[in-house]
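Everything on this sheet refers to the single structure shown next.
The values are calculated or read from the model by the stated rules, or taken from the named source; none is laboratory data. Note that the coordinates shown come from a computational prediction; the quantities given were computed from them, not determined experimentally. Note: ideal-geometry Cβ built from the backbone for every residue, glycine included; neighbour counts use all protein chains shown.
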Amino acid sequence: MEQFHINHWAVLVCAVANLALGALWYSPVLFYKSWLHANKFSDDDLKKANPAKTYSLTFILALIISYNLAFFLGDAKTDATWGATAGFLAGFGFSAMIFTIIALFEQRAVKYILINGGFITVYFTLIGWILGAWR
């Protein structure tokens, strides 16, 4: 039987990375204004959200995503390069593509698809790299 390994600390860091990358990706430094415009949101719309609920659920879902990818990368031969490659393939090839299909049926703007699909792809690549590097 092959050796199977999951670093639970790495999984936890990957879940936190979702919040950190999201804070940067959707900040004024990167795509905040474009994302607002693509969603037809105003700053006031965002103030109506419940941050405790949103961030708590986001963390739990990111933890599930991170464990899921960790199971796929649990082989002892996994390294940072394979982790990042697998993360990219899962992020771009699966997650961003199904997100794009749904967004097309919702008649969303290309800008919306690129901003969010880009986040998905970068996030999965990042957590794949973390999981592969932190064995």
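Quick notes
- Per this entry, Val29 is counted among residues that are at pLDDT 95 or above, over 15 Å from the mean Cα position of the chain (by Cα) and at negative phi.
- Qualifying residue in the stretch 96-106 (condition: in contact (Cβ under 8 Å) with a residue 24 or more places away in the chain, outside any helix (DSSP H, G or I) and in contact with a helix residue (DSSP H, G or I) (Cβ under 8 Å, 6 or more places away or on another chain)): no
- If you go through the stretch 35-59 and keep only what is of a type in the set (D, E, K, R) and either in contact (Cβ under 8 Å) with a residue 12 or more places away in the chain or in a helix (DSSP H, G or I) (or both), you end up with Asp43, Asp44, Asp45, Lys47, Lys53.
- Residue within the stretch 91-104 that is under 16 Å from Ala10 (Cβ atoms) and among the hydrophobic types (A, V, I, L, M, F, W, C) present: no
- Hey, Gly132 touching an Asp or Glu at 6+ places or on another chain (Cβ under 7 Å) and either in contact (Cβ under 8 Å) with a residue 12 or more places away in the chain or within 24 Å of Leu30 (Cα to Cα) (or both) or not: yes
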